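Since the structure comes first, as structure tokens, the remarks are kept for the end.
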Amino acid sequence: MRTTNTTVITGAALLAVAAGAAGTLYFTGVLDGASPSGAASALCEGLVPQAPLEEFLGGQALSTDDMITARLDQEPQECSVQPRRDPLPAYYDELNVTVSRYAGSRQLLVYLERSISDDWRDVVTPLGNGWRGVLNTNGIEGHAAVVMLCGDGGQSDGSVVVNLTARHRGNTSPQITSEQRVQLARLATGTAVNAAEQAGCEAPHGKAVREVAAAFPVSVPYDSSDRSGVTAPGEATGTCAGITVDTRETEADPLAPIEDCLLLDEAGDPAFRLAAYYGPFVQGGFVATYKRGDSDKFRGPAGGSDGLYWASASCPAQGGTAFFTSETLHVPGDDRHTAADPELQQSALRTFARRSAEEHGCSTPEFSGGNPEN
């Protein structure tokens with residue numbers, strides 16, 4: 001039988017402390033080994049809604065005896081839930097919750113398991129249902145991110161971003177089911193609403209989540225002979241709409257803060273990725289990823305060479321600048337990157353960026369050379 005050391009928090013409060021425009025969230029309180037009766041969600045200071053949490057963890061009744069840890073000193077705020085009883089193999093047995101108000105774009109992408117932008121396995125799907133959110137469930141972990149855009153989304157208001165990560169602590173690593181994807185999305189949106197309210201962030205809410213887009217159609221390990229989920233040239237209607245080669249895509253959503261589209265080579269393998277970033281995932285005018293060990297690769301609003309091209313657009317409706325990339329991919333087990341056609345990369349980037357920007361209510365993207373029509 002598994003045993004855990006139990007840490008509980010008593011007398012704690014999550015406060016929204018505002019100093020002019022620079023409001024910051026803090027956990028305050030004391031750590032105590034004693035455990036009063038109460039819901040497990042109370043240990044996350046009312047952030048995590050109890051019913052969706054128990055549903056996601058296999059219907060387990062949770063209490064303050066469940067192992068919960070919290071980071072109390074500074075932003076971001078973190079807490080985790082680990083039920084005492086081993087769940088059924090089909091369910092996750094640990095949930096980490098992170099609430100950020102001023103985290104950089106790189107850190108937000110790390111939470112989402114999306115920071116390595118030249119890895120074809122890290123792809124997201126929209127949460128939909130009127131929420132600014134995405135899911136990343138193509139690995140053994142389940143990730144969700146929800147952006148609550150405060151006020152007008154300007155610098156004076158900013159955003160609250162909630163990231164959830166579900167893990168298996170044991171030796172089993174079953175793939176997340178479609179039902180669990182819905183449960184994770186429901187849990188993330190409920191947590192985001194509570195976090196925004198506690199932060200004094202007036203942000204619009206989406207609808208109750210009853211279904212989400214299907215998982216991104218890629219398998220790990222990748223099998224090019226499996227043509228299921230491949231969209232033929234010119235037939236894409238989602239994130240790859242308008243692309244003239246074989247692709248793998250997901251549904252497009254006008255509120256999704258990240259969009260992905262994989263273009264395939266003649267052998268059916270991923271050749272390069274098109275990506276769009278919005279809101280807090282773009283800071284300082286660019287996206288800070290771990291692209292080939294160089295987070296400063298994006299210099300200026302548009303440009304590119306050697307397998308990486310980018311563009312940007314003004315997008316106040318999404319909280320600032322929109323950023324679009326076209327990037328060759330790391331070849332698994334090798335130091336090489338895929339060798340895509342530069343003209344195809346740039347042409348596909350223009351098609352992808354214009355479609356995504358228009359749907360997100362942004363201005364016409366600026367491409368290399370400063371001419372939106374290049």
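Oblate is the label for the stretch 129-281. Its Cα gyration tensor axes, ordered a ≥ b ≥ c, give a/c of at least 1.5 and b/c at or above a/b.
Give the peptides 184-191, 264-271, 134-141 in descending order of average Cβ contacts within 10 Å, highest first. If you can, show how the numbers build up before the last one.
On the way: 184-191: 26.1, 264-271: 16.1, 134-141: 21.9.
The peptides rank, most packed first, as 184-191, 134-141, 264-271.
Here each label is just a point 7 Å from Cα along the line to Cβ, and for residue 207 and residue 335 those points are 5.2 nm apart.
For the pair residue 222 and residue 269, the difference between a 0.36 nm per residue extended length and the Cα-Cα distance amounts to 16.1 nm. Between residue 106 and residue 75, residue separation times 0.36 nm minus the direct Cα-Cα distance comes to 9.7 nm. Sorting 357-365, 97-105 by their mean Cβ neighbour count within 10 Å, with the most densely packed peptide first, gives 97-105, 357-365. Per residue, the average separation of C-alpha pairs within less than 8 Å and at least 6 apart gives the stretch 221-374 a relative contact order of 20 percent. Rounded to the nearest 0.05, what FRET efficiency do residue 140 and residue 179 have when you use their Cβ-Cβ distance and R0 = 22 Å? About 0.80, to the nearest 0.05.
Ranked for footprinting exposure by Cβ neighbours inside 10 Å, fewest first, 336, 106 give 336, 106.
No lab work stands behind these numbers, since they all come straight from the coordinates. From a predicted model like this one, the values you see are computed outputs, not experimental measurements. Note that we place each Cβ from the backbone using ideal geometry, even for glycine, and neighbour counts take in every protein chain shown.
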